[in-house]
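What follows draws every value from the coordinates through simple rules; no lab data is involved. Everything numeric here is computed off the predicted structure, so don't read it as measured data. Quick reminder, even Gly has a Cβ in these numbers, built from the backbone with ideal geometry, and neighbours come from all protein chains shown.
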Amino acid sequence: MRIGLYLFLLFGTGFVACKASEEVNPDELSGTWVEASARKDTISFLSTLGREPTRWLQVNRGKTTNPDGYIVPRLGSGIYDYYVSGRQMYVRSLLSSNSAYKAYPISRRNGELRLGNFFELGSQQPHTTVRTLVRL
């Protein structure tokens with residue numbers, strides 16, 4: 001009987017101590033977030049007010065030199081339209097002729113935002129990893 005009680009307390013405490021990631025409320029995303037490890041990529045979440053709020057985000061990934069020697073924004077930089085449903089963020093580039101949304105995982109935990117890396121390869125590619133972002 002005591003062993004059962006100890007096991008119950010051990011596992012019960014373990015489940016309480018491990019806080020699960022939260023679903024993301026789009027209203028809490030506003031502002032600028034920076035990628036936590038390299039601190040080079042920033043995402044600014046913006047919205048308009050009104051009956052139907054319009055939400056978009058701007059990704060800044062820095063500059064690079066193209067083969068012709070011009071300095072241009074890195075691949076993935078730009079303006080995106082998005083909406084959040086459950087644990088998925090649906091994103092489409094406003095600079096592309098493709099109007100389809102693509103789903104990427106999104107969650108929050110301990111003040112950090114975990115987001116499928118849609119911006120490194122382009123918005124219509126499958127994400128290669130999940131990036132952790134912190135609010136500036």
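Values computed for the structure shown
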{"quantity": "Extension gain (nm, one decimal) between Tyr90 and Ala38, 0.36 nm per residue minus Cα-Cα", "calculated": "16.3 nm"}
{"quantity": "Mean separation of Cα contacts under 8 Å, 6 or more apart, over the residue count of region 20-135: relative contact order %", "calculated": "23 percent"}
{"quantity": "Those trypsin sites (Lys or Arg not before Pro) in region 41-136 that DSSP places in a loop and that have at most 16 other beta carbons within 10 Å", "calculated": "Arg51, Arg74, Arg87"}
{"quantity": "HN-Hα J in Hz across region 94-109 - Karplus 6.51, -1.76, 1.60, θ = phi - 60°, x for Gly and Pro", "calculated": "7, 9, 10, 7, 7, 9, 7, 7, 10, 8, 9, x, 9, 7, 10, 7"}
{"quantity": "Loop sites in region 58-123: chymotrypsin sites (Phe, Trp or Tyr not before Pro), DSSP, at most 10 other Cβ within 10 Å", "calculated": "Tyr70"}
{"quantity": "Local electrostatic count, Val134, Cβ distance below 10 Å [Lys/Arg +1, Asp/Glu -1]", "calculated": "0"}
